[in-house]
1. Search the stretch A:74-113 for residues being without any contact (Cβ under 8 Å) to a residue 24 or more places away in the chain and touching a strand residue (DSSP E or B) at 6+ places or on another chain (Cβ under 7 Å), and hand back the single one that is surrounded by the fewest Cβ atoms within 10 Å (Cβ to Cβ).
2. Name the residues in the stretch B:231-260 that are under 14 Å from the mean Cα position of the chain (by Cα), crowded, with 17+ Cβ neighbours inside 10 Å and hydrophobic (A, V, I, L, M, F, W, C), would you?
3. May I ask you to say which residue of A:245, A:291, A:240 is surrounded by 16 or more Cβ atoms within 10 Å (Cβ to Cβ) and not assigned by TED's automatic domain parsing to the domain that holds residue A:179?
4. Suppose the filter is touching a Gly at 6+ places or on another chain (Cβ under 7 Å) and surrounded by 20 or more Cβ atoms within 10 Å (Cβ to Cβ); does residue B:219 pass it?
5. Scanning for something within 9 Å of another protein chain (Cβ to nearest Cβ), part of a helix (DSSP H, G or I) and at negative phi, does the stretch A:35-55 turn up at least one residue?
6. I need the helices (runs of 4 or more DSSP H) fully contained in the stretch A:223-313, keeping only those with at least 2 residues that are over 24 Å from residue A:47 (Cα atoms) and under 29 Å from the mean Cα position of the chain (by Cα).
7. Among the residues of the stretch B:13-33, are any under 30 Å from residue A:166 (Cα atoms) and crowded, with 23+ Cβ neighbours inside 10 Å?
8. Considering the stretch A:104-146 alone, what residues qualify as being more than 11 Å from chain B (Cβ to nearest Cβ), among the charged types (D, E, K, R) and closer than 24 Å to residue B:100 by Cβ?
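The values are calculated or read from the model by the stated rules, or taken from the named source; none is laboratory data. Everything numeric here is computed off the predicted structure, so don't read it as measured data. As a convention, Cβ positions derive from the backbone with ideal geometry for all residues, glycine included, and neighbour counts pool all protein chains shown.
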Amino acid sequence: MAIEARGLTKVFETGRRRTRRRIEAVRDLDLSVAAGERVAYIGPNGAGKSTSIKILTGILHPTAGEATVLGLTPWEDRRRLARRIGTLFGQRSLLWLELTPRQSYRMLAAIYDLDRAAEARRVAELGDLLDAADLFEQPVRTLSLGQRMRCELAACLLHDPEILFLDEPTIGLDLVAKQRLRELLVRLNEQQGTTIFLTSHDVADIEHVAKRAVVINHGEVIYDDEVAAMHRTLLATKVVEVGLVAPIVAPRQAGVTVLEHTDQAMRLVVDTHLTPIRAVLDQLLDGPSVVDISVVDPPLEQVIAEIYELPAR
Amino acid sequence: MTHRAVVEAVRAAAHRSASDGGGLVVSVAFYVVIVGTLSGLWRVAVDANGGDLAGYSAVALTWYIITSEAAIVSVNARHIEDIGTDIAHGTVAVEMLRPASVLGIRMATEVGRGLPKVVVLWGAGAVVATVVAGAPPRPAALLLAAPSLVLAITANLFAQHTVAAIAFWIRDAGSVWFLYLKAVFITGGMIIPMELLPDGLQTASLFMPFRAMAYVPARLAAGYWEPALLLEQVFWIAVLAVVANAAFGAGERRLQVVGG
């Protein structure tokens, strides 16, 4: 197993003596991830995702429970483990902002004991893999967020880690940059066998990157299954947002619920088990009134609400 | 942490600092104004005292001031505040993900950042001192003052990291930098040579590390051939390194328990 956790619990205490509060950020977490898996570890803000990642990478001690990552106890063997894993926090930089990525890689290579030849070979490989070689010579502070994330990814892959922990890597990225990053992660997993452990509160990250989804809420795992199964049960609902120039009649198809309908706009929820999304779009576009249309995933909060409604397994 | 990682951290930071032409120009302008003013005041005081003040001539005091100021101005005065912010905002937690000492990389980076500055500032100061006062009283002593400046920066940075480590326990360590700077000003000999301090303060300063940060290189540049002062700096660096390492180690362990 690449990652194994049993009964992992983390309790934070906040406030002073009289007003002290205990916050259970992670509660009795059981988790096994095999080498080479692509796992999305998802949950809303405050669910305990980042705390779990910090425990599994050795930054935090758990209050209770056991965990091994690549056979090492993260909080006891933090530096040894750091040589074998890569970690990317979407809102924290591994690069030195005043340097170019290539200069940062030189420093990181020295920290990871890569000799100059190995460093040069690896940077060239990653430049090709991430299609980012032309970005490596520009100061980090001049890069767009999407470009910077590709360079950050190269930084955490420099020492060829066996597991890649990514904490909200797509946060703040535009749609094109998000999609590109997702494709890169899949390619990395398929070509190099790197285990991907990704946290996100974006449902699309699960669909495009992961083969398995673990959903956490209030510190507890509430769902753990293949993404394909999740598609059949939880992600079958889509929201369709329509902009109009003239009033139209709302579609009356099975599984289509109208959430909002005015002369200028309409919002529908479509249960794709009952009616394919294409059939709904065909009907909406069969006339001149529609000027804008978008299909979006349900928000994670809705997915979680549906998980609680699933029959116990 | 490997020797190569330290060298790379120093090299990269030095390169970055040297490339910041605008920042260097501002630092030099600020420094020249300060040393011009202070050395002018000291020359008046020495002249009023018959050309000698506690063994320092007007020329010696000018070289003293340009060196003590270079040692201090080369280091970010508010570094304590910056480290505290990095601890409070979780930046240090991310640095813990590298297989290297957080303190070691930070120290190497900051020393590297200070090196180009100290070279440029001391060079500018030497020009000012030569023009307004004259050649160094004992040029050979500058050979001791040069490495002493590097040791001074190192001691200062280790001390700042030691003090800043309190941010692992308290949320706002920002105000501490002000007290620290005052200690360096007075007991470090940054503005006033130790020999001119009251006896009690002189004695007390012997037991504090601040002399190693300004007074020692300044005294050497003022023409005093006293190699033992370098050993004093090395002693304080060793002490501060042990304390800073212990403070950061304890802070990192606390961060692992309570989060950051």
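1. A:80
2. Matches in the stretch B:231-260: B:236, B:237, B:240.
3. When all the criteria are applied, what remains is A:240.
4. No.
5. yes
6. A:277-285
7. The answer is yes, given that some residue of the stretch B:13-33 is under 30 Å from residue A:166 (Cα atoms) and crowded, with 23+ Cβ neighbours inside 10 Å.
8. Passing the criteria: A:121, A:122, A:125, A:141.
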